[in-house]
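The values are calculated or read from the model by the stated rules, or taken from the named source; none is laboratory data. Everything quoted here is computed from the prediction, not taken from an experiment. Here the Cβ is made from the backbone with ideal geometry for all residues, glycine too, and neighbour counts use every protein chain on show. What goes into the accessible areas is simple: the full protein's heavy atoms, side chains included, and nothing from ligands, DNA or RNA. Shrake-Rupley method; radii C 1.70, N 1.55, O 1.52, S 1.80 Å.
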Amino acid sequence: MAKTDNLIRASDFAVFLKGIRGDWIAHPDTGRIYSNSIGDFLKPHNHSNGYQALPVKLNQSDTEYESKVCFHRAMWILCRGIPTSLDAEVDHIDKNRQNNRLENLRLVYKDENRCRKLKFADAEEIRRRYAEGETQKTLAKAYGVSKTSIGEIVRRETYKHPPKVMQSGRL
């Protein structure tokens, strides 16, 4: 068992509690979350990386918890529950970070969710072609990536293992 199996993020738990308590209500068809505390839809903050985030505040006993959670992850948790592994990430299927409708979200492993231009099979092909004598510069041009990216692939710094395949809707 991996060290991250059966663990959850504290921010995930805070979102889950807000859903159970009825503080936040997901609208999966529109990709919006309604807050009963403010009587309106939550207005996420846009990060420079294009993702939307929500502040999460939770009072539990005598302790106040404060953090941030990605809006799309909060939508997933409210509709589908907490992912059961820290290696699970919520992915935008259409790669539009503003489209948080549930039908556009899927649960994937971290390795699969990385925004990469190449597939693992491409990396294997690059290694084979490089071993047969093609230059990194030629391969970079052929695959539309930088020479640095090709070097990392050839040295197995990236694309070390095939991505894990998700077996069910929950990780």
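When the Gaussian network model of the chain links Cα atoms closer than 10 Å, the mean-square fluctuations of Y130, Y34, Y109 top out at Y130.
Here the Gaussian network model covers the chain, with springs between Cα atoms less than 10 Å apart; of R73, R156, R32, R156 fluctuates the most. Pairwise inverse Cα distances across the chain, averaged and inverted, put the Kirkwood hydrodynamic radius at 18.3 Å. Of the solvent-accessible surface of the stretch 65-105, computed with a 1.4 Å probe over protein heavy atoms with every protein chain present, carbon and sulfur atoms account for 46 percent. Accessible surface for the stretch 9-101, divided over its residues, is 54 Å² per residue with a 1.4 Å probe. Summary of packing: across the peptides 131-140, 94-103, the per-residue average of other C-beta atoms within 10 Å ranks them, highest first, as 94-103, 131-140.
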